[in-house]
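Data block below; observations after.
A short reminder: the numbers here are calculations on the coordinates, not readings from a lab. A quick note: this is a predicted structure, and the numbers were derived from the prediction, not measured. Using ideal geometry, Cβ is built from the backbone for each residue, glycine included, and neighbour counts are taken over all protein chains shown.
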Amino acid sequence: MTIQEEAAEIRTQTGPMRALLLRPSAGGKYPGVVLYSEIFQITGPIRRTAALIAGHGYLVAVPEIYHELEPAGTVLPYDQAGADKGNANKIAKEISSYDSDARTALDYLKLRNDCTGHLGVMGICIGGHLAFRAAMNPDVLAAACFYATDIHKHSLGKGMNDDSLQRAGEIKGELLHIWGRQDPHVPLEGRNLIKARLEEVGANYQWFEVNGQHAFLRDEGPRYDPALAHQCYGLALELFHRRLGSGGIQ
């Protein structure tokens, strides 16, 4: 499918949140997916990921996760300064604000007249953690989390003391977790801790560990693995097709 994109401004409890919105060009209704970025916000690789998902028949919203902390349109560079700024922002924002942003973004999609009302989430790096938390909303039917950081350390948000693992039992949709074995940000003991918690709460989940580094999905830089990225996008799309249904409904 060809796609179209536009900028949207979503009203949140902590101010306006700019989002990139992509959808198939053909008319009709499509399932909604909130795509959460890395710490760098809406970079070129994130835009291309959003386009790929939208082109398979989804209405995709990509919010600026640091909208309270950075001017609208801010994209942090893929360098040390950008990483330092993104990591500082990650723990400057209240966990409650991440959660209220998620609810607002989901409602924004659900209430659009071009959305079927079936909702999913996807995220990469910090976005994987944000997708995990967004999946605690009962109307999220599917969540794809790519190498989700900080879940095992409870260190997302201001105070670095999140309750994501404690609340894992609130996730009622289907989870897809994809991890790189060579990712130093989520080592084996961290992955095992998360998996054990999902087993404990009886989560409906799929779990894949692949031979990839952190950011293997990002199509810029030396860690990008195109073949592995293609395989893992397929896993996410299979989940969305199965749990969210198809689009193009008039």
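Computed quantities for the displayed model
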item: Inter-site label distance for Leu69 and Ala83 at 7 Å from Cα along Cβ, in nm; result: 1.7 nm
item: Straight-distance crosslink candidates among lysines, where the alpha carbon sits under 27 Å from Lys195 and sequence neighbours closer than 8 are dropped; result: Lys90, Lys93, Lys153, Lys158, Lys172
item: 5 angstrom amide H check on His118, placed H, neighbours 5+ away; result: Gly32
item: Cα gyration tensor of region 41-96 - equivalent ellipsoid semi-axes, whole Å, descending; result: 24, 14, 9
item: Hull-based mean projected area of region 107-210, where the convex hull spans the alpha carbons, in square nanometres; result: 6.7 nm²
item: Fraction of the pair-distance distribution of the chain above 35 Å, Cα-Cα pairs, percent; result: 6 percent
item: Under-5 Å amide H pairs with Tyr205, H placed in peptide plane, nonlocal only; result: Leu175
item: Dipole-positive endmost among Thr104, Ile124, Asn211 within the chain (Cβ charges, Cα centre); result: Thr104
item: Calculated FRET efficiency for the pair Asn192/Asp114, C-beta based, R₀ 45 Å, to 0.05; result: 0.60
item: Extended-chain gain in nm, criterion 0.36 nm per residue less alpha-carbon gap, Glu220 and His154; result: 20.9 nm
item: Rg(Cα) / (2.2 N^0.38 Å) computed for region 1-48, rounded to two decimals; result: 1.29
item: Peptides 99-112, 6-19 ordered by average Cβ neighbours within 10 Å, highest first; result: 99-112, 6-19
item: Contact order normalised by residue count of the chain, Cα under 8 Å, 6+ apart, percent; result: 19 percent
item: For region 99-105, Karplus couplings with θ = phi - 60° (6.51, -1.76, 1.60), whole Hz, Gly/Pro x; result: 5, 5, 4, 4, 4, 5, 5
item: Whole-number D in µm² s⁻¹ for region 47-169, Kirkwood Cα-pair radius fed into Stokes-Einstein, 4 °C, 1.567 mPa s; result: 85 µm²/s
item: Karplus 3J(HN,Hα) series, Hz, for region 41-48 with 6.51 cos²θ - 1.76 cosθ + 1.60 (x for Gly, Pro); result: 6, 8, 7, x, x, 5, 4, 6
item: Per-residue HN-Hα couplings for region 119-129 [Karplus 6.51, -1.76, 1.60; θ = phi - 60°; Hz; x = Gly/Pro]; result: 10, x, 9, 8, x, 10, 6, 4, x, x, 5
item: Relative packing of 141-154, 165-178, 194-207, which averages over residues the other C-beta atoms within 10 Å, highest first; result: 141-154, 165-178, 194-207
item: Label-reachable residues, region 29-64, where backbone N falls under 12 Å from a point 7 Å from Ser246's Cα toward its Cβ; result: 57
item: Magnitude of the charge dipole, the chain, Cβ model with Lys/Arg +1 and Asp/Glu -1, debye to 20; result: 340 debye
